[in-house]
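These notes are about the structure you will find just below.
A short reminder: the numbers here are calculations on the coordinates, not readings from a lab. Bear in mind the structure is a predicted one, so any value in this text is a computation, not a measurement. Heads up, the Cβs are rebuilt from the backbone with ideal geometry, glycines too, and the neighbour counts pull from every protein chain shown.
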Amino acid sequence: MVNKLHSETARFLNELDHTPGRQIWCNFWDSHITYERSYLARLQYVHNNALHHQLVIRATDYRWCSAAWFERVASPAFQKVLASFKTDKLRVLDDYIPFKLE
């Protein structure tokens, strides 16, 4: 299902931009997270990914991420717990190359 979704949306976007063959989807994988600490570290990573790639100044400014929602809804105590998780040791494949949509 994911393969079909990626193929069809990539073709559609490339037709809109007149850029046949451009890679839209860089990677996808699923993993089974079995430990709470692992989940929290990855949630912290996801919330800060746009910041890491210098797309925004604050993670909450990235409109396609749950970081702003989390800041509004999560308790201050839970926000503090999540912020304590370091993400520099995570082994997350990330070959993201930014491009501009025009």
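If you keep only loop residues by DSSP, which chymotrypsin sites (Phe, Trp or Tyr not before Pro) in the stretch 1-91 have at most 14 other Cβ atoms within 10 Å of their Cβ?
Details: sites: Phe12, Trp25, Phe28, Trp29, Tyr35, Tyr39, Tyr45, Tyr62, Trp64, Trp69, Phe70, Phe78, Phe85; in loops: Trp25, Phe28, Trp29, Tyr35, Tyr62, Trp64, Phe85.
The qualifying sites are Trp25, Phe28, Trp29, Tyr35, Trp64.
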Starting from the Cα gyration tensor of the stretch 33-95, multiply each eigenvalue by 5, take the square root, and state the resulting semi-axes largest first in whole Å.
-> 18, 17, 9
